[in-house]
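> Would you mind keeping the following structure in view while I ask a few things?
The values are calculated or read from the model by the stated rules, or taken from the named source; none is laboratory data. Model, not experiment: these values are computed from the prediction. Cβ sites come from the backbone with ideal geometry, for glycine too, and all protein chains shown count toward neighbours.
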Amino acid sequence: MFRLVTIEDFVRIPPERFKEPLEKVAKEIIRSEYEGKAIKDLGIVVAIINIKVSKVGKVVPTDGASYHKVVFDALVFYPQLQEVIEGEVVGVVPYGAFVRIGPIDALLHISQIGDDRFRNDPRREALIGEKTQYVLGKGDRVRARIVSVSMPGPSPRPEPIRVGLTMRQPFLGKLEWIEEELRKLKARARS
């Protein structure tokens, strides 16, 4: 889920950049510190907008840099458990498929594609259902439910957000499969 949050922080302006416009320097620093980062309880910061920097800063005696209060809006993506999402298959591996949802790739394990048993066809770069002959491959659009989310904790090196998906529920799956199932249900209802 995408959301817009307001964040208050302090930005450190190094002495060698004092002659540059404060707003420009602060924007560059804040964007480099936040954009593209995964922050626990917040999500992945996609973009920083509406940056407001206090003109009055504080100088720390042992540092020499000035510290300015900054308030800005952050567009963040936070995958929520049980959320139904749509995405595109961006990769197929022997154990499943990777689905692009927002700014990240989530894993759709081969056992979670559907009620059929799927097998990997490396030549076609696809997963194929044994009974249904459904084919799931790169570029396909799917609807899935988020069943697991692992957000990184505080650590010296950034870790990716890990998201697990399922399509083993009614009205989930490759969009073409869902349309086919709806046509079948409508036909049954008419007869």
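> Which one of the conditions (1) under 20 Å from LEU4 (Cα atoms); (2) surrounded by 15 or more Cβ atoms within 10 Å (Cβ to Cβ); (3) not assigned by TED's automatic domain parsing to the domain that holds LEU165 does VAL71 fail to meet, given that it meets all the rest?
Against the list (1) under 20 Å from LEU4 (Cα atoms); (2) surrounded by 15 or more Cβ atoms within 10 Å (Cβ to Cβ); (3) not assigned by TED's automatic domain parsing to the domain that holds LEU165, VAL71 comes up short only on (2).
> Could we say that LEU22 is under 30 Å from GLN112 (Cβ atoms) and not small (Gly, Ala, Ser) here?
On the way: under 30 Å from GLN112 (Cβ atoms): no; not small (Gly, Ala, Ser): yes.
The answer is no for LEU22.
> Here's a follow-up. Residue under question is ALA97, and the condition is that it be at pLDDT below 95 and small (Gly, Ala, Ser); does it hold?
When the stated conditions are applied, ALA97 does not pass them.
> Between LYS52, LYS58, which is part of a strand (DSSP E or B), at pLDDT 95 or above, in the same structural domain as THR6 (by TED's automatic domain parsing) and more than 14 Å from ARG145 (Cα to Cα)? Steps first, answer last, please.
Working: LYS58 fails: at pLDDT 95 or above.
Just a single option satisfies the conditions, and that option is LYS52.
> Okay, moving on. Looking only at the range 86-103, filter to residues that are in contact with a Lys or Arg (Cβ under 9 Å, 6 or more places away or on another chain) and buried (at least 18 other Cβ atoms within 10 Å of the Cβ); which one of those is farthest from ILE39 (Cα to Cα)?
VAL92
> Just a yes or no: is a residue in the range 81-93 closer than 14 Å to ILE161 by Cα and of a type outside the set (Lys, Arg)?
Checked the range 81-93: at least one residue is closer than 14 Å to ILE161 by Cα and of a type outside the set (Lys, Arg).
> Under the condition of being in a loop (DSSP other than H, G, I, E, B) and not hydroxyl-bearing (Ser, Thr, Tyr), which residue from the range 127-141 is surrounded by the most Cβ atoms within 10 Å (Cβ to Cβ)?
Result: ASP140.
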